[in-house]
Amino acid sequence: MPFNSTLFRIDLARLDDYRDCITFLNERGDELLQSGLLPYQDVLHQRRLMERARTRISVIRQQETGRVVGVAMLCITYDWRKGVGHVEYVLVDEDFRGDGRGLGRALMENLLDQAVGVSPLIKVVRLVSEPWHEAARALYENLGFKLVEGSDRHYELDLVRYLELKVQAD
């Protein structure tokens, strides 16, 4: 069953969503936050984090309750040659995983679609996924991410390749 927009909505997070996203990650992201809980930062930090030139955060909420059930972040950096997107903190509430709901895929596709629209152009998207996250790794590979040679956890995606796969699927 693909993402159901009558049960869930996915949006690009706004400044108003900051506290809900941090609370969700702190309450549901034990495995992601092994180095400790995320602090609630001051308003200036929140605004910098939420600047669209630096960061895109996708958030999925349950339509009926407004409850956050998924969050993912894309951090944008530039070097001398290209723009790079770094996927961080991809998390779907354990109570909403499986059963083919497609929430993880919806989060990732939303972030990648955001990356495609960034100017100056992002050419590569990177992420880290531990070897024991088999379902997540299968999703990333299905979206076109490839393991970086010599690594068992670092993935890269050429955005042109992602667009090609997306066109083929449509």
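Computed as a quarter of the hull surface, the mean projected area of the alpha carbon convex hull for the chain stands at 10.7 nm².
Taking every DSSP helix (H) stretch of at least 4 residues in the chain, weighting each as -39,500 (n - 2.57) and dividing the sum by the residue count yields a mean residue ellipticity at 222 nm of -9000 deg cm²/dmol.
The stretch between Ala169 and Arg67 holds 33.6 nm of extra length on full extension. This uses 0.36 nm per residue minus the Cα-Cα distance. Please give the FRET efficiency for Asn26 paired with Asp95, using the beta carbon to beta carbon distance and R0 = 22 Å, rounded to the nearest 0.05. The computed FRET efficiency comes out at 0.85. Straight-line cross-link partners of Lys82 among the aspartates and glutamates, defined as a Cα under 18 Å from its Cα and at least 8 positions apart when in the same chain: Asp113, Glu156, Asp158.
Spin-label model, Arg153/Lys82: points 7 Å from Cα along the beta carbon direction are separated by 2.3 nm. For the pair Leu15 and Arg161, the difference between a 0.36 nm per residue extended length and the Cα-Cα distance amounts to 49.4 nm. Summing Cβ point charges (Lys, Arg +1; Asp, Glu -1) relative to the Cα centre of the chain gives a dipole of roughly 600 debye. Computed with every protein chain present, the accessible area of Thr77 is close to 60 Å² [probe 1.4 Å].
Over the chain, what percent of the accessible surface lies on carbon and sulfur atoms, probe 1.4 Å?
Numbers: 5030 of 10130 Å².
The value for the chain is 50 percent carbon and sulfur by accessible area.
Extension gain, Val116 to Val128: 0.36 nm times the residue separation minus the Cα-Cα distance gives 2.3 nm.
Just so you know, the Rg over Rh for region 72-170 is 0.95, from Cα atoms, with Rh as the Kirkwood radius. Distant-in-sequence amide contacts of Val69, defined by a placed amide H-H separation under 5 Å and a gap of 5 or more residues or a different chain, comprise Ile60, Arg61, Gln62. Beta-bridge orientation, the chain: approximately 85 percent antiparallel, per DSSP, counting only bridges with both partners inside.
Determine the per residue accessible area of the chain with all protein chains present and a 1.4 angstrom probe, expressed in square angstrom.
Result: 60 Å² of accessible area for each residue.
The values are calculated or read from the model by the stated rules, or taken from the named source; none is laboratory data. All figures in this text were calculated on a predicted structure; none of them were measured in a lab. Glycine also receives a Cβ, built like all others from the backbone with ideal geometry; neighbour counts cover every protein chain displayed. What goes into the accessible areas is simple: the full protein's heavy atoms, side chains included, and nothing from ligands, DNA or RNA. Shrake-Rupley method; radii C 1.70, N 1.55, O 1.52, S 1.80 Å.
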